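The values are calculated or read from the model by the stated rules, or taken from the named source; none is laboratory data. Remember, predicted model here, so these are calculated numbers, not experimental data. All Cβ positions, even for glycine, are placed from backbone atoms using ideal geometry, and neighbour counts span all protein chains on display. For accessibility, only protein heavy atoms count, side chains too; no ligands or nucleic acids. Shrake-Rupley method; radii C 1.70, N 1.55, O 1.52, S 1.80 Å.
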Amino acid sequence: MNVHKLDLPSSASTTEEEIKSQPAVWGEYAAELARHSADIHEWIRQRAPQEIWLCGAGTSAYIGETVCAYLEARTGIRHRAIATTNLVSSPQDFIVTDRRVLVVSFGRSGNSSETTGVLDILDRHMPAADRLNITCNGDSELARRKGPGEGGQKTVVLPAGAHDQGFAMTASFTTMLLTVLACLDKASPALIRASVRALAQKAAETLGAVEAFVARRLSSPPERAVFLGSGALTGIARESGLKVLELTRGRVATAWESALGFRHGPKAILNDRTLVVANVSIHPHTRRYDLDLIGEIRRQFGSSQLVVVGPAGIGADIELEPVGNDAWSAVLYVLLPQLLAVRWSEALGITVDNPFEGGELNRVVSGVTLYPYDGDDDVRRH
């Protein structure tokens with residue numbers, strides 16, 4: 001399937017190129033992803049896990065947060081979104097040996113400190129756990145390392161176009177998200193292929209609308225930006241806030257919440273220099289709560305500080321044509337904050353592809369001291 005590649009100015013950053021490449025990357029990957037899904041669906045059926053962990057750090061952790069509840073409801077298997085940063089630092093809270101566990105690990109580089117730390121913990125304390133590793137880097141520790149125990153293992157290496165070279169994860173985030181949905185959802189391979197192709201086409205259309213809207217209304221960065229979303233879109237709100245925070249080097253302060261959670265204290269961040277991006281759910285029940293909060297913000301702060309993203313018929317500033325449900329359509333909602341982060345970074349005179357030129361933050365987290373975990377029976381007794 002050919003998806004139109006959006007035109008880019010000659011001065012475009014690598015990060016912008018990667019954002020605008022996403023429709024083409026997904027469209028070209030759809031058939032291969034359907035084949036992966038058929039293989040892994042059958043493997044999971046045979047392995048019969050009782051629990052599935054979705055593990056990553058930072059942006060990769062938000063993949064699990066976005067899809068976890070949907071996949072549990074869809075499959076009937078317990079799913080847990082466990083950040084590797086928590087699993088490595090507090091393994092005593094997670095290690096189990098009395099049930100069949102499938103650990104799904106996400107990694108753009110596949111070589112971050114926490115990725116390696118989780119593999120060490122699994123090798124030593126949960127060798128019977130099955131592993132599904134999803135990474136952009138086929139030469140990484142995550143892709144190449146084999147477990148020492150009887151647990152099964154599968155690895156999916158994403159296409160080269162999803163391996164972001166810029167500082168921020170953009171195409172890698174969305175393509176890993178689509179990959180785990182394809183591998184764990186119950187949809188048939190044919191439906192997965194069609195859905196990914198449809199999302200690719202919708203993304204190309206959405207990016208054009210987003211770029212025009214940003215140029216018209218949002219070219220100047222606010223003091224603060226808040227991203228809201230319910231259900232699967234709460235994870236997208238969190239990822240949205242991180243993208244802006246990273247690429248503006250913290251000069252645009254960000255926050256995120258669910259529609260109902262925002263009233264319980266976090267709403268205190270709002271002032272006359274705050275932009276609110278409200279992602280409205282596809283599901284009609286959830287949507288009621290999103291729209292109620294949008295109405296409240298409009299009454300109290302006006303419409304000029306509010307951007308609404310969602311399906312047609314709700315008066316959205318940016319209309320999306322969803323594919324399936326909120327979990328599958330989540331990749332469309334993240335396009336606006338990805339591009340906003342680039343434009344605001346440029347407006348602030350920051351180098352988009354390397355906003356932390358002094359090395360305060362790095363593209364791949366490294367240098368973390370990993371302490372071997374020997375077990376903690378005393379903690380378990382309490």
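Using R0 = 45 Å, the C-beta based FRET efficiency linking R80 and A209 works out to 0.80. The residues of the chain present an accessible area of 41 Å² per residue when probed at 1.4 Å with all protein chains retained. In the stretch 199-348 the Cα-Cα distances spread across 10 Å bins starting at 0 as 12, 47, 36, 5 percent of all pairs.
Put simply, the amide H of A225, placed in the peptide plane, has neighbours under 5 Å in A253, T254, A255, L275, leaving out anything fewer than 5 places away on its chain.
Near S303, once Lys and Arg are set to +1 and Asp and Glu to -1 for all other residues with Cβ below 14 Å from its Cβ, the sum equals 0.
One decimal place: the segment E42-R273 gains 78.0 nm when fully extended, by the rule 0.36 nm per residue minus the C-alpha distance. The residues neighbouring E72, those whose beta-carbon lies less than 11 Å from its own, together hold a net charge of +2 under the Lys/Arg +1, Asp/Glu -1 convention.
Solvent-accessible area of the stretch 199-348 (1.4 angstrom probe, protein heavy atoms only): carbon and sulfur portion equals 50 percent. Cα axis of helix 22-47 to longest principal axis of the chain: angle in degrees, 0 to 90, nearest 10? Orientation of helix 22-47: about 30 degrees from the principal axis.
Summing charges over neighbours of R343, with a neighbour being any other residue whose Cβ is under 10 Å away from its Cβ, gives -3 when K and R count +1 and D and E count -1.
The candidates Y62, Y371, Y29, Y70, arranged from most to least accessible area with a 1.4 Å probe in the full protein assembly, appear as Y371, Y70, Y62, Y29.
Partner lysines whose Cα lies under 26 Å from the Cα of K243, excluding those fewer than 8 positions away in the same chain, are identified as K5, K20, K202, K267. Once the Cα atoms of helix 284-301 and of the chain are each reduced to a long axis, what angle between those two axes, in degrees from 0 to 90 to the nearest 10, is obtained? So the helix axis and the longest Cα principal axis differ by about 50 degrees. Taking the accessible area of the stretch 14-186, probe 1.4 Å, and keeping the other protein chains in place, the carbon and sulfur fraction comes to 43%.
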